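As structure tokens, the structure follows; a few thoughts come after it.
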Amino acid sequence: SWMRRGMPEVVTLDVLDSDARELRAQIVRLENRVRTLLGIVRLLFCVFRISGVGLDGDRVPSGEGKTKLLSAIEHARTSLKLTVVLRLIGLSPSRHYAWTKRQTECVLDDRSSCPRSSPGQVTATEIRSMHDMATSLEHRHMSVRTLALHAQRLGRVFVSAGTWLRLIRERGWRRPRTRVHPASPKQGVRATKPNEYWHIDVTIIKLLDGTKVYLHAVIDNLSRRILAWKVALRLEPQNTCAVLVEAGKTLPPEEDPATVVADSGVENVNGAVDALLGLGRLRRVLAQVEVDFSNSMIEAFWRSMKHNWLFLNQLDTPAAVERLVAFYVTEHNSVMPHAAFNGQTPDEVYFGSGDHVAARLAQRRVEARQARLAANRILACSQCRTDGPRPEASAIFDVVHLHPQKSQMS
């Protein structure tokens, strides 16, 4: 082939030609420009990574912003791979695919996504069958999970129970399951003044080595204040007497005897406790099954103290349990507001020193709402109409908080 074709024509370029000199100068300028751009890109990419900016965990609520970003990604794909582009901007491939997929909207009104691109979604016929079965009186005695399996047994709808729950919640299907039988009352005995009803109980706390300690406590019914408590190594009647005597020190001498609601445990019904009650300052009512004499108030305190505090710490010794209980009782009585008292603590309700708390919190909520409305109303975008200059958000916030009377007049 070489012998048949002969020698190819050799084209040479004179180095001293003027066009060649301009070409070399242009190459030098382009190389310098490329080095400058690479330095800028490296610097920006370093700042981008150090600042932790990434689209993988941040929301982009603006549809216009998503469209511009997708357009820029498509433009960058002409010179870079898609994986490289997504890695540079911190966008996951799955999120980019979801954004690209949502751009093609389906024209069917009853579908949230195109059935051709998402063929695994439930059909309209299946949705109608699910609606009829979920809202019918014939199947109201079945739970949603049982109803899903029953529909499969009938051969009507083969859909998981999670899909049934999602469609019932999203579409607002009301199942005919209204309760006719009267509900059991949830409110127990309620006092009208402090020291009218007390609740006493004991709870068991297990240590890390398997041993048990017993925590006795007395709580006031009206204020939910812990009047006395004691940590003991054994369940003995003397512990019940000790907490009752400690709580009895808060009783005014001229008031009526306090009613102690207790269960029928051996620590509450014994000769030592009966002798203490015989002094006339206390009288005992055994908590029965009826709600009127339930002992659920102190049971609720046990649950809150254990799950919110004790079980979050190392319960290795009785001294540690006593230290943790002392801290929580102090916080419960004097620091933690109770939801039943509009922000008052049990100490404030027990001693009657927190009558102004509810009114003060209500006034401050009104002031905070006015400041929130003022701060939000001055914000404007390109679609908002602006009739004139608006005051600064910080100025309105200061006026509402520092001069609430002027803000109410305005």
Would you confirm, using the coordinates I've provided, whether V285 is outside any loop (DSSP other than H, G, I, E, B), crowded, with 17+ Cβ neighbours inside 10 Å, more than 35 Å from the chain's Cα centre (by Cα) and touching a residue at least 24 places away in the same chain (Cβ under 8 Å)? no
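For region 155-166, check the following and say yes or no: at least one residue is among the charged types (D, E, K, R) and modelled with pLDDT of 90 or more. Quick ask: steps written out before the conclusion?
Initial filter on region 155-166 (among the charged types (D, E, K, R)): 156, 166.
In the following step, the residues that additionally are modelled with pLDDT of 90 or more were identified as 156, 166.
Within region 155-166, one or more residues are among the charged types (D, E, K, R) and modelled with pLDDT of 90 or more.
Tell me which residues, restricted to region 1-47, are hydroxyl-bearing (S, T, Y) and modelled with pLDDT under 85. Spell out the reasoning first.
Going through region 1-47, the residues hydroxyl-bearing (S, T, Y) turn out to be 1, 12, 18, 36.
Passing the criteria: S1, T12, S18.
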What single numbered condition from (1) in contact (Cβ under 8 Å) with a residue 40 or more places away in the chain; (2) more than 16 Å from V245 (Cβ to Cβ); (3) not in a helix (DSSP H, G or I) fails to hold for S264? (1)
State whether one or more residues within region 139-148 are buried (at least 18 other Cβ atoms within 10 Å of the Cβ), modelled with pLDDT of 90 or more and outside any loop (DSSP other than H, G, I, E, B). yes
Could you list all residues from region 239-261 that are touching a Lys or Arg at 6+ places or on another chain (Cβ under 9 Å) and either basic (K, R) or part of a strand (DSSP E or B) (or both)? A258, T259, V260, V261
Scan region 205-231 for residues that are of a type outside the set (D, E, K, R), in contact with a Leu (Cβ under 8 Å, 6 or more places away or on another chain) and open to solvent by 10 Å² or more (accessible area, probe 1.4 Å) and jot them down. L207, L208, Y214, W229, V231
What is the one condition in (1) within 19 Å of Y350 (Cα to Cα); (2) touching a helix residue (DSSP H, G or I) at 6+ places or on another chain (Cβ under 7 Å) that A287 does not satisfy? (1)
What residue, among those in region 263-293 that are in contact with a strand residue (DSSP E or B) (Cβ under 8 Å, 6 or more places away or on another chain) and among the small types (G, A, S), is modelled with the lowest pLDDT? A287
Considering only region 232-247, state which residues are within 23 Å of F327 (Cβ to Cβ), surrounded by fewer than 18 Cβ atoms within 10 Å (Cβ to Cβ) and free of Cβ contacts under 8 Å to residues at least 40 places away in the same chain. A242, E246
Within the set of pairs 6 or more residues apart or between chains, which connect a residue that is of a type in the set (G, A, S) inside region 118-132 to a residue that is in a loop (DSSP other than H, G, I, E, B) with Cβ atoms less than 8 Å apart? A124/D110; S129/R156; S129/V157
Filtering region 309-326 down to residues that are part of a helix (DSSP H, G or I) and either touching a strand residue (DSSP E or B) at 6+ places or on another chain (Cβ under 6 Å) or in contact (Cβ under 8 Å) with a residue 12 or more places away in the chain (or both) yields L310, P318, V321, E322, L324, V325
Mind listing whichever residues of region 273-282 are assigned to a helix (DSSP H, G or I) and either surrounded by fewer than 14 Cβ atoms within 10 Å (Cβ to Cβ) or among the hydroxyl-bearing types (S, T, Y) (or both)? D274, A275
Could you check region 332-347 and list, in sequence order, the residues that are at pLDDT 90 or above, part of a helix (DSSP H, G or I) and open to solvent by 50 Å² or more (accessible area, probe 1.4 Å)? S334
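Hey, can you tell me all the residues within region 149-167 that are assigned to a helix (DSSP H, G or I) and not aromatic (F, W, Y)? Reasoning before the result, please.
Start the filter on region 149-167 by keeping residues that are assigned to a helix (DSSP H, G or I), which leaves 149-154, 161-167.
Scanning region 149-167 gives L149, H150, A151, Q152, R153, L154, A161, G162, T163, L165, R166, L167.
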Identify the single condition in (1) among the charged types (D, E, K, R); (2) in contact with a Phe, Trp or Tyr (Cβ under 8 Å, 6 or more places away or on another chain); (3) outside any strand (DSSP E or B) that R174 does not satisfy, given that it satisfies every other one. (2)
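The values are calculated or read from the model by the stated rules, or taken from the named source; none is laboratory data. Please read all numbers here as calculations on a predicted model, not as lab measurements. When we count neighbours, we look across all protein chains shown, and the Cβ atoms used for this are built from the backbone with ideal geometry, even at glycine. With ligands, DNA and RNA removed, areas are computed over all heavy atoms of the protein, side chains included. Shrake-Rupley method; radii C 1.70, N 1.55, O 1.52, S 1.80 Å.
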